[in-house]
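Below is one structure, written out as structure tokens, with a few remarks after it.
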Amino acid sequence: MLTCVNARRATTFYPEPNHFTESKEDSMQVNVGTFDRLARILVGLVLIGLAVTQTLGPWAYIGILPLATGILRFCPLYRFLGLNTCARPAG
């Protein structure tokens, strides 16, 4: 919120929200659904396991990303693309 004050009156401006100016409350809303979450955690664990056993090499540590997004239930890429795999409330 921006407030401009001049001699006659005070005017308050509310800029439109976008991806660059967002409140902390909106920064990490849940956007990964249950099935998506379980799949991400499983894929992440498998990739990390293959990296630890040196089956796929160090690139398999990329499994940290799907594991983290599955645990946190938030995917920054989904946010950027406007996707949400959470179930919609009935009603």
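The values are calculated or read from the model by the stated rules, or taken from the named source; none is laboratory data. Computed from a prediction, not measured in an experiment: that's the story for all the values here. All Cβ positions, glycine included, derive from the backbone under ideal geometry; neighbour counts span all protein chains shown.
The residues of region 58-91 that are under 12 Å from residue 32 (Cα atoms) and of a type in the set (Ser, Thr, Tyr), listed by number, are 69, 78, 85.
Condition check ((1) β-branched (Val, Ile, Thr); (2) in a helix (DSSP H, G or I); (3) at pLDDT 95 or above) across all residues:
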residue	(1), (2), (3)
43	yes, yes, yes
50	no, yes, yes
67	no, yes, yes
83	no, no, no
88	no, no, no
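For region 52-61, filtering for residues that are part of a helix (DSSP H, G or I) and either of a type in the set (Gly, Ala, Ser) or loosely packed, with under 14 Cβ neighbours inside 10 Å (or both) leaves 4.
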